[in-house]
Amino acid sequence: MKNQKLCMIPGPTPVVRSIQDEMGRETVSFKDPSFVEDFLSVIKDMKNLWSSEEAFVISGSGTLAMEMAIANTLKEGDNCLVISHGYFGDRFIDMLKKRRINVDVMNSKWGQTVCVSDIKQKLRGKTYQAVTVTHVDTSTGVRANIIEIGKAVYDLENTLLIVDGVCSTAAEKENLKEMNIDILLSASQKAFGVAPGLALLWTSQKAMKRREELGEIRDTYLDFYKWLPIMHNPMKYFGTPPVNLIWALKESLSIIKKEGLDNRFNRHIKDSKRIREALIELGFGVLADEESQASTLTNVLYPDGFDDTLFRQELANQGVVVAGGLGDYAGKLFRLGHMGNIDEHTIFSTISAIERVLIKMGKTEQIGKGLNKLLS
Ligand SMILES: Cc1ncc(COP(=O)(O)O)c(C=O)c1O
């Protein structure tokens, strides 16, 4: 019998049965009173859990949410500071330039973070209408220090903080009020444990004021003002809402509320630490510096002389799918997602499959070293 495939890439993540069931329900009219009520409860939960003024759930992926954040807050000629810790941080640069927004970039060596005191200094030297930062950059497994960056923009009346939470929201601590975030953007397929297809955004009062100041914008699908009436009253229509995915998100939020956000953050911290310890025991390395390692994924460096393609192929044969490295790290590391609704069984199965591949590839003779580390 063929092994089942555990999807341990950094998104999409494993989708639990109760969420799958919501996606498999018979689709109803988006004006069906019970769906309207469900959609409203999703928006209400999002606002409450992340302390936002408004929340948006739109058909699309994380990239759409990035573009929405920019389109609704910045105009041609504005200044934006991009703090980038990798491939996804850099993604903002092109988007901003296409809109003729002036971009300054602060980046770090992959695996490290930009020094917060340098960011503070940069912010003192020029007025930026927005700062973008990726909370966890999936290309490096680095977590940005959002609390400190939030403090750095706190006093800046004209500066908005835009946080890309695609690889962090619902697993790493984020709260708009407590952390001075003006726009948090995310997507359904990572720590929410829903299938791909939803772009998610949370906005502060300051961000909505900026939207008001912009007046008419050139975008239609991206415009907050087209969607806001629907987020307040889903009986209204602008674009057809993805009914089944919204049900799936409702179930995901219900799982999150049952677990409790703080418990969920702590679980991710503990599990990621155990997983990294097990991998190091097996001879692998970690790209991210110790103080900035994300809880949602690990970018796992191969020891010298390792065949990436063969390793990932053998691992898939053993039932675990992981992702390859990006940019200069293609072939040098694999990316292991460990976020969302994963359990002990998944974690042990993943490390066990990695050990079986190491045996097969002749890299070790003894099974159980990593598993023992998970237990300790
Ligand atoms: C941190 C981060 N930002 C943005 C994106 C883009 O999201 P999507 O692929 O859903 O468009 C990704 C995708 O992996 C990501 O990891």
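Among the residues of segment 94-115, which ones are in a helix (DSSP H, G or I), surrounded by fewer than 17 Cβ atoms within 10 Å (Cβ to Cβ) and within 15 Å of the ligand (Cβ to nearest atom)? Asp94 - this is the single residue of segment 94-115 that is in a helix (DSSP H, G or I), surrounded by fewer than 17 Cβ atoms within 10 Å (Cβ to Cβ) and within 15 Å of the ligand (Cβ to nearest atom). Pairing residues of segment 149-175 that are more than 19 Å from Ala69 (Cα to Cα) with residues that are within 16 Å of the ligand (Cβ to nearest atom) and in a strand (DSSP E or B), at Cβ distances under 7 Å and at least 6 apart in sequence or on separate chains, gives Glu172/Val136; Glu172/Arg143. Within this structure, Ile162 fails the test of being in the same structural domain as Glu213 (by TED's automatic domain parsing) and more than 15 Å from the chain's Cα centre (by Cα).
Among the residues in segment 141-150, are any within 12 Å of the ligand (Cβ to nearest atom), closer than 16 Å to Leu81 by Cα and part of a strand (DSSP E or B)?
Step one: filter segment 141-150 for residues within 12 Å of the ligand (Cβ to nearest atom), giving 141-144.
Filter again for closer than 16 Å to Leu81 by Cα, leaving 144.
From what's left, part of a strand (DSSP E or B): none.
No, that holds for no residue.
So which residues in segment 264-282 are farther than 24 Å from Lys363 by Cβ and over 18 Å from the mean Cα position of the chain (by Cα), if there are any at all? Please lay out each step first, then the result.
Here is the first cut: in segment 264-282, the residues farther than 24 Å from Lys363 by Cβ are 264-271.
The answer is Lys270, and nothing else.
Residue count for segment 186-203 under the criterion of being within 17 Å of Met339 (Cα to Cα) and near the ligand (Cβ under 10 Å from one of its atoms): the result is 6.
Residue check: Gly197 meets all listed conditions (1) of a type in the set (Gly, Ala, Ser); (2) in contact with a helix residue (DSSP H, G or I) (Cβ under 8 Å, 6 or more places away or on another chain); (3) crowded, with 21+ Cβ neighbours inside 10 Å but one, namely (3). Within segment 175-185, if we keep just the residues that are surrounded by 24 or more Cβ atoms within 10 Å (Cβ to Cβ) and either more than 13 Å from the ligand (Cβ to nearest atom) or in the same structural domain as Ala294 (by TED's automatic domain parsing) (or both), the residue that is nearest to the chain's Cα centre (by Cα) turns out to be Ile183.
Answer yes or no: is there a residue in segment 342-352 that is in contact with a strand residue (DSSP E or B) (Cβ under 8 Å, 6 or more places away or on another chain), among the hydroxyl-bearing types (Ser, Thr, Tyr) and not in a helix (DSSP H, G or I). No.
Return a yes/no flag: does segment 38-57 have any residue that is within 16 Å of the ligand (Cβ to nearest atom) and either under 23 Å from Asp118 (Cβ atoms) or under 22 Å from the mean Cα position of the chain (by Cα) (or both). Steps first, please.
Let us first name the residues in segment 38-57 that are within 16 Å of the ligand (Cβ to nearest atom), namely 56-57.
When the remaining residues are screened for being either under 23 Å from Asp118 (Cβ atoms) or under 22 Å from the mean Cα position of the chain (by Cα) (or both), the result is 56-57.
Yes, some residue in segment 38-57 is within 16 Å of the ligand (Cβ to nearest atom) and either under 23 Å from Asp118 (Cβ atoms) or under 22 Å from the mean Cα position of the chain (by Cα) (or both).
Note on segment 268-309: among residues that are under 11 Å from Lys332 (Cα atoms) and among the polar types (S, T, N, Q), the one that is surrounded by the fewest Cβ atoms within 10 Å (Cβ to Cβ) is Thr309. Is there a residue in segment 61-77 that is surrounded by fewer than 21 Cβ atoms within 10 Å (Cβ to Cβ), within 16 Å of the ligand (Cβ to nearest atom) and either in a loop (DSSP other than H, G, I, E, B) or modelled with pLDDT under 95 (or both)? For segment 61-77, residues surrounded by fewer than 21 Cβ atoms within 10 Å (Cβ to Cβ), within 16 Å of the ligand (Cβ to nearest atom) and either in a loop (DSSP other than H, G, I, E, B) or modelled with pLDDT under 95 (or both): present.
Just to be sure I understand, how many residues within segment 151-172 are in a loop (DSSP other than H, G, I, E, B) and within 16 Å of the ligand (Cβ to nearest atom)?
Looking only at that region, the number is 6.
The residue list Ser252, Ser272 contains one member that is touching a residue at least 12 places away in the same chain (Cβ under 8 Å), assigned by TED's automatic domain parsing to the domain that holds Cys167, under 17 Å from Ile342 (Cβ atoms) and among the hydroxyl-bearing types (Ser, Thr, Tyr), which is Ser252.
The values are calculated or read from the model by the stated rules, or taken from the named source; none is laboratory data. All values reported here derive from a predicted model rather than from experimental measurement. Positions of Cβ are generated from backbone atoms using ideal geometry, with glycine treated the same way; all protein chains shown enter the neighbour counts.
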